[in-house]
Amino acid sequence: MTTRLLEKTATTNPSRLKALQGSLDRALRSDGYRRKLAIDSAEEIAGIDDFRRLPFLTKDDLRRHSPFGLCCADEREIVRVHSTSGTTGDPVVIPYTAGDVETFTTLMARALTLAGMTDGDRAMVTPGYGLWTAGIGFQAGVERIGACAIPTGPIAMEMQMAFLRKMAPTFLIGTASMALLLGETIAREGIRPCLKGAVLGAEQWGEGRRAVIEDLLGARTYDIYGMTETYGPGIAIECPHQQGLHYWDDLFHFEVIDPVTGDVLPEGETGELVITTLVKEGLPLIRYRTRDLASILPGPCPCGSPYPRISRIAGRSDDMITYRGVNLFPSAIEALIAETDGLGSEFRIVLTTEGGKDCLDIEVERSCDGGDGPARELARKMKMTLSALPRVTLLPPQGLGREMKKTRRVYDHRTK
Ligand SMILES: [Zn+2]
């Protein structure tokens with residue numbers, strides 16, 4: 001069972017070019033896509049260089065054509081829609097055929113199998129159900145493996161704890177924020193859960209937070225990646241080696257581009273991840289700009305998996321803060337916090353205007369009692385490596401609020 005779920009699908013075309021042409025053929029069924037791509041036939045794309053000249057698809061394109069302007073299936077073939085959360089504008093509705101629902105289930109089962117889930121496991125599925133794609137997608141993957149889904153969804157923490165005690169799940173599925181909150185609650189109540197894995201996604205979380213969560217839960221964590229536009233989460237996941245996320249190259253074509261010039265970057269270089277789906281039917285993606293920053297990792301993984309890897313997501317291109325002419329990513333600040341003794345994993349970045357000047361404050365939780373040495377150390381590191389000198393305020397452990405879904409790191413109150 002396990003081996004079969006990890007196999008590349010038999011339907012894959014023999015070559016990358018053929019697979020890309022297959023997806024282009026599908027896309028060209030839509031008038032909207034034909035106008036966008038400005039080609040009449042997939043045969044016009046005779047090599048990877050031709051493919052790289054095709055225009056990028058953006059979230060704005062999807063929004064403009066939502067719900068069915070780029071749909072490449074007959075309306076009767078659409079069996080379900082999901083929607084993006086709308087955190088960065090109007091929600092985008094994504095149509096799914098029965099084939100898409102099946103592919104989503106297969107890839108999710110493959111992801112969870114790579115994270116070690118078997119038919120003997122019980123998985124608490126805490127992401128939202130309904131319009132959001134995660135809850136139902138994870139549940140379908142858990143069931144396909146033959147494991148037991150406990151579909152709590154995002155209910156209150158007391159209820160989550162009741163199910164944790166009663167059902168003894170071996171896997172937790174949710175956001176890193178949810179896992180942190182659950183872990184701290186477990187520690188406070190003195191419970192010893194029998195979790196062996198936590199599959200966490202939907203937000204960017206660094207190695208510092210990983211260490212705290214793994215310690216609190218007593219379980220290995222697996223970073224999982226995906227978005228509504230690409231079926232949902234599960235298109236890439238870490239294996240137990242935690243050295244990047246394996247992605248399914250029989251179902252997707254990944255490129256990394258320079259976000260400014262649009263040029264394709266070589267393996268190992270960080271840029272914006274661009275995704276083309278190879279078998280998606282309802283709304284195939286051709287060169288979709290995800291805004292997520294990552295690199296394609298060279299070489300094989302120690303686990304021996306035939307699936308290639310991307311790095312963990314280093315942030316979103318639209319997360320970038322410009323402070324006194326310096327470009328900063330919250331993930332870079334998070335990494336410095338993780339390597340500073342005496343600091344916890346939780347922090348927030350506050351930007352204000354004082355006397356006509358930008359000010360940068362970092363509020364960060366301590367991991368233990370002590371003086372203000374860690375604050376001075378963090379300020380020094382930020383000045384040295386990021387060329388930005390912040391004011392650092394230390395807060396007691398758990399001094400910042402906790403979120404169940406995604407944690408907001410940046411509060412920009414500057415006068416525009
Ligand atoms: Zn691996």
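Give the peptides 134-141, 48-55, 32-39 in descending order of average Cβ contacts within 10 Å, highest first.
Ranking, from highest mean packing down: 134-141, 32-39, 48-55.
Are there GluC sites (Glu not before Pro) in region 242-311 that DSSP puts in a loop and that have at most 16 other Cβ atoms within 10 Å, and which ones?
E267, E269
Take the alpha carbon gyration tensor of the chain, find the square roots of its eigenvalues, order them as a ≥ b ≥ c, and report rounded if a/c is under 1.5; if not, report prolate when a/b exceeds b/c, else oblate.
Cα axes put the chain in the oblate bin.
What percent does the relative contact order of region 320-412 come to when contacts are Cα pairs within less than 8 Å and at least six residues apart?
31 percent
Please compute the contact order of the chain in relative form: average sequence separation of alpha-carbon pairs under 8 Å and at least six residues apart, divided by the residue count, as a percent.
The value is 13 percent.
Considering only DSSP beta bridges whose two residues both sit in region 320-412, what percent are antiparallel, to the nearest 5?
Roughly 60 percent of the beta bridges in region 320-412 run antiparallel, per DSSP.
Show me, for region 361-367, the HN-Hα J-couplings you get by feeding each phi into the Karplus relation (A = 6.51, B = -1.76, C = 1.60, θ = phi - 60°), rounded to Hz, glycine and proline as x.
For region 361-367, the Karplus-derived couplings read 10, 10, 9, 9, 7, 6, 9 Hz, x marking Gly and Pro.
Out of residues 5 or more away from V410 or on other chains, whose amide H comes under 5 Å of its own, with H placed 1.01 Å from N in the peptide plane?
Hits under the 5 Å cutoff: I349.
What list of ³J(HN,Hα) values in whole Hz, one per residue of region 229-236 in order, does the Karplus curve 6.51 cos²θ - 1.76 cosθ + 1.60 (θ = phi - 60°) give from phi, with Gly and Pro shown as x?
4, 9, 6, x, x, x, 7, 7
Let me check against my output: what whole-number percent is the relative contact order of region 191-313, with C-alpha pairs under 8 Å and at least 6 apart?
Relative contact order, region 191-313: 19 percent.
What does DSSP give for region 40-171 in terms of the percent of beta bridges that are antiparallel, rounded to the nearest 5?
That works out to approximately 55 percent antiparallel.
Would you mind checking K196/K280; K166/K405; K8/K406 for any pair whose Cα atoms are more than 28 angstrom apart?
K196/K280; K8/K406, as the Cα separations exceed 28 Å there.
Report, ordered by chain and residue number, the aspartates and glutamates lying within cross-link reach of K381, taken as a straight Cα distance under 14 Å and ignoring same-chain residues fewer than 8 apart.
Within the straight-line limit of under 14 Å, K381 reaches these aspartates and glutamates: E334, E339, D341.
Check cross-link reach from K59 to the lysines: straight Cα distance under 16 Å, and skip same-chain residues fewer than eight apart.
Straight-line reach from K59, under 16 Å: K36.
What share of the DSSP beta bridges in region 1-317 is antiparallel, in percent to the nearest 5?
65 percent
I'd like the distance separating the alpha-carbon centroids of region 92-115 and region 342-416, in whole Å.
With region 92-115 and region 342-416 each reduced to a Cα centre, they are spaced 38 Å.
Laboratory data are not the source of any read-out in this text; all were calculated from the coordinates shown. Note that the structure is a prediction, hence the values are computed from the model and not measured. Heads up, the Cβs are rebuilt from the backbone with ideal geometry, glycines too, and the neighbour counts pull from every protein chain shown.
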